[in-house]
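Everything below concerns the one structure shown next.
The values are calculated or read from the model by the stated rules, or taken from the named source; none is laboratory data. Keep in mind that what you see is a predicted model, and the values were worked out from it rather than measured. Counting neighbours? That spans all protein chains shown, and the Cβs are built from the backbone with ideal geometry, glycine included.
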2 protein chains.
Amino acid sequence: MTDITMIRAAATRLAGHARRTPLLSSPFLDEIAGRRVFVKPECLQHTGSFKYRGARSAVSALDEGTRARGVIAFSSGNHAQGVALAARQFGVPSVIIMPGDAPRMKIDNTRALGAEVVLYDRATEDRDAIGAALSSERGLTLIKPFDEPQVIAGQGTIGLEIAEDAAAMGITRADVLVCCGGGGLTSGIALSLEADAPGLRARPCEPEGFDDVARSLASGEIKRNARTAGSLCDAIITPQPGNITFPIMQRLCGPGLVVSEDEALHAVALAFSRLKLVAEPGGAVALAAALFRADQIEGEAVFVTISGGNVDADVFCDALSRFAV
Amino acid sequence: MTDITMIRAAATRLAGHARRTPLLSSPFLDEIAGRRVFVKPECLQHTGSFKYRGARSAVSALDEGTRARGVIAFSSGNHAQGVALAARQFGVPSVIIMPGDAPRMKIDNTRALGAEVVLYDRATEDRDAIGAALSSERGLTLIKPFDEPQVIAGQGTIGLEIAEDAAAMGITRADVLVCCGGGGLTSGIALSLEADAPGLRARPCEPEGFDDVARSLASGEIKRNARTAGSLCDAIITPQPGNITFPIMQRLCGPGLVVSEDEALHAVALAFSRLKLVAEPGGAVALAAALFRADQIEGEAVFVTISGGNVDADVFCDALSRFAV
């Protein structure tokens, strides 16, 4: 099970590979939020999302013989690119099973990073059966997107960096808002904060209709989403929290925050104009929560992850045309 | 006159205020350029451009009594915002004289940062007369946009950071491409590289029709542009190199590089998709040169400044609709 020792070991393996992203801010965002907003832009991470950290952590933790046979992953895009790049860096093959309706940029990039991409139809095909057949045939190791200790450890390195930067600024109490799908990033950050910044509290942020983690935390048991597709926040619409991530979030996280898809798009537009960052809608839900759910947040400062920036131009420009200042 | 001692002193004054921007890269950009491309994203600097460095350097170098009376600047936008923020941080008034056709975002932001904005008509009004009257009336100190030693020193701090990062990566010979208007950024970086990374060579990059610096360097004397407006690269269309900046560039810089406006817009789209950065057209000319003038560049790696990201949404989305991958 992931613990702080495993996260620190992942940080050592990631050193010189994952980018140490800065903390950004804007007086214009502070004014909207009514408190200081510090943004951790993981859209600037390699492959355009935090997923590279967990993927590299997991691939680098495999023993050499296992790794040499290759890895396989299921992903709508960001985990796919992370695994593809990590595998390429180790010179081993990767197979990524992606839904046919994933954003084009994510499919193209995954291929360009050297992965063999297998597309399936979400409605009619069983991705697990496809994956199982390929894995047994080629001896591939499955890299799960979130419910996997070494992936959680890699994502947790973001929490180490936030804790270090918060301490340098003298901030000892604050909410840390995290874009949340299956909970790998949220639980990893929560574990790091518990160890290095116990006054900072991780809180999962989700889009309306896909708030399984918020409802699971509120009810004390794992809840599923009614829908499993059909959101611009494609990066974070997993069906339910993970069996490993949920108990960690239950023990350490504050209540979940839920924003509308329009609020996420508004945050995309504000990240464009105020931070000069490209955020994808799912990667902007935590920023949206900081800006538009200020009454549900505690403290004079708030930390926000922008978890990814892999957005197609038409979606991005639609957000700007509706919300750009 | 600006020298390395003055630049190091500016770096000390800027510490804890200016952001230490990271170096970013993408395998997709490397492939287009045919060499490794390292991008210094000053669009992530406070106020969305490198100009804050020079402005804060100059305002912080004033003696207290002079500074208290306030500062004045002429600017189409980025220098304006830098001076406005620096003045506000010192609690002193700022007056910014801007052309009425400057991008709306730049005018609005300058006002929001606390400056008194005076708009003038480029065609019919004399900005120098307007500025002189205000200055003498109120005892304001003029902060010039580039031909000012302490401004050059502030911009030069970017060169110190590039030199440090290049050394850490073991890169000792490379071209450093710099978006160039009046030459403040280019000459400042050139001075820092001379001292700290003598194998790295600064090269000014400009849009077609506004290549006064390239022509001045080629001919050995200061040349003017025929036009003084009418480019999407509004940030860098000064009429001619400065009297202070030109001799520095002449002594230290390699030949200028010139790209078309369409190539700059193409680079804007690639910064969106490959770096998750918002670059303004003028801020993307150096990236455009790295990608589309590869045959005029030397070395296995190239450094590129993205000088700013203050672009209106319609211009940005026009670039994406034409060039996004």
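Among the residues of the range B:90-105, some residue qualifies, meaning at least one is out of contact with any strand residue (DSSP E or B) (no Cβ under 8 Å at 6 or more places or on another chain), away from chain A (no Cβ under 13 Å) and part of a helix (DSSP H, G or I). Taken over the range B:8-52, the criterion of being at positive phi and out of contact with any helix residue (DSSP H, G or I) (no Cβ under 6 Å at 6 or more places or on another chain) is satisfied by B:Gly16, B:Gly48.
Residues of the range B:284-325 that are within 14 Å of chain A (Cβ to nearest Cβ) and in contact with a His (Cβ under 9 Å, 6 or more places away or on another chain): B:Ala284, B:Ala319, B:Arg322, B:Phe323. Contact annotation: residue pairs with Cβ atoms under 8 Å, 6 or more positions apart or on different chains, pairing a residue in the range B:101-114 that is more than 12 Å from A:Ser273 (Cβ to Cβ) with a partner that is part of a loop (DSSP other than H, G, I, E, B) and not small (Gly, Ala, Ser), are B:Asp101/B:Arg122.
Taking the range A:1-21, which residues are closer than 30 Å to A:Phe292 by Cα and either outside the structural domain of A:Gly181 (by TED's automatic domain parsing) or crowded, with 17+ Cβ neighbours inside 10 Å (or both)?
Filtering the range A:1-21 down to residues closer than 30 Å to A:Phe292 by Cα leaves A:19-21.
Answer for the range A:1-21, where residues must be closer than 30 Å to A:Phe292 by Cα and either outside the structural domain of A:Gly181 (by TED's automatic domain parsing) or crowded, with 17+ Cβ neighbours inside 10 Å (or both): A:Arg19, A:Thr21.
Filtering A:Val259, A:Val268 for residues that are at pLDDT 95 or above, touching a Pro at 6+ places or on another chain (Cβ under 9 Å) and within 14 Å of chain B (Cβ to nearest Cβ) leaves a single hit, A:Val268. A single member of B:Ala58, B:Ala33 is at pLDDT 95 or above, under 16 Å from B:Asn78 (Cα atoms), out of contact with any His (no Cβ under 9 Å at 6 or more places or on another chain) and of a type in the set (Gly, Ala, Ser), and it is B:Ala58. In this entry, B:Val213 is excluded by the filter for residues that are touching a Lys or Arg at 6+ places or on another chain (Cβ under 8 Å), more than 20 Å from B:Ser57 (Cα to Cα), touching a residue at least 40 places away in the same chain (Cβ under 8 Å) and in the same structural domain as B:Gly254 (by TED's automatic domain parsing). Among the numbered conditions (1) assigned by TED's automatic domain parsing to the domain that holds A:Val304; (2) free of Cβ contacts under 8 Å to residues at least 60 places away in the same chain, the only one that A:Ala68 does not meet is (1).
Filter the range A:46-65 down to residues that are in contact (Cβ under 8 Å) with a residue 40 or more places away in the chain and more than 14 Å from A:Gly184 (Cβ to Cβ) and give me whichever is nearest to the other protein chains (Cβ to nearest Cβ). Among those that are in contact (Cβ under 8 Å) with a residue 40 or more places away in the chain and more than 14 Å from A:Gly184 (Cβ to Cβ), it is A:Gly48. Being within 16 Å of the chain's Cα centre (by Cα) and either free of Cβ contacts under 8 Å to residues at least 40 places away in the same chain or within 20 Å of A:Asp295 (Cβ to Cβ) (or both) holds for only one residue in A:Leu257, A:Leu270, A:Leu232, and it is A:Leu257.
The set of residues in the range A:106-116 that are within 14 Å of another protein chain (Cβ to nearest Cβ), more than 20 Å from the chain's Cα centre (by Cα) and closer than 21 Å to A:Thr141 by Cβ comprises A:Arg111, A:Gly114, A:Ala115.
Looking at A:Ala9, A:Ala73, A:Ala68, A:Ala18, can you tell me which residue is under 24 Å from A:Leu200 (Cβ atoms), small (Gly, Ala, Ser) and either in a helix (DSSP H, G or I) or more than 14 Å from chain B (Cβ to nearest Cβ) (or both)? Explain how you work it out, then say what you get.
Values: A:Ala73 fails: under 24 Å from A:Leu200 (Cβ atoms); A:Ala68 fails: under 24 Å from A:Leu200 (Cβ atoms); A:Ala18 fails: either in a helix (DSSP H, G or I) or more than 14 Å from chain B (Cβ to nearest Cβ) (or both).
The conditions single out A:Ala9.
With respect to the conditions (1) more than 25 Å from A:Gly159 (Cβ to Cβ); (2) surrounded by fewer than 24 Cβ atoms within 10 Å (Cβ to Cβ), A:Ala319 falls short on a single one, namely (2).
May I ask you to verify whether B:Gln89 is polar (S, T, N, Q), assigned by TED's automatic domain parsing to the domain that holds B:Leu275 and either under 28 Å from B:Met169 (Cβ atoms) or at pLDDT 95 or above (or both)?
Details: polar (S, T, N, Q): yes; assigned by TED's automatic domain parsing to the domain that holds B:Leu275: no; either under 28 Å from B:Met169 (Cβ atoms) or at pLDDT 95 or above (or both): yes.
Spelling it out, it is not the case that B:Gln89 is polar (S, T, N, Q), assigned by TED's automatic domain parsing to the domain that holds B:Leu275 and either under 28 Å from B:Met169 (Cβ atoms) or at pLDDT 95 or above (or both).
Just a yes or no: is a residue in the range A:239-256 on the phi < 0 side of the Ramachandran plot, more than 14 Å from chain B (Cβ to nearest Cβ) and among the aromatic types (Phe, Trp, Tyr)? The answer is yes, given that some residue of the range A:239-256 is on the phi < 0 side of the Ramachandran plot, more than 14 Å from chain B (Cβ to nearest Cβ) and among the aromatic types (Phe, Trp, Tyr).
Taken together, B:Ala153, B:Ala133 contain a single residue that is exposed (fewer than 15 other Cβ atoms within 10 Å of the Cβ) and either away from every other protein chain (no Cβ under 14 Å) or over 21 Å from the mean Cα position of the chain (by Cα) (or both), which is B:Ala133. When the residues of the range B:27-45 are filtered to those that are within 10 Å of another protein chain (Cβ to nearest Cβ) and crowded, with 20+ Cβ neighbours inside 10 Å, the one that is nearest to B:Val278 (Cα to Cα) is B:Cys43.
Going through (1) buried (at least 17 other Cβ atoms within 10 Å of the Cβ); (2) touching a Leu at 6+ places or on another chain (Cβ under 8 Å); (3) not polar (S, T, N, Q) one by one, A:Arg88 falls short only on (1). Taken as a whole, the condition of being outside the structural domain of B:Ala153 (by TED's automatic domain parsing), within 21 Å of B:Cys179 (Cβ to Cβ), part of a strand (DSSP E or B) and not basic (Lys, Arg) does not apply to B:Ala58.
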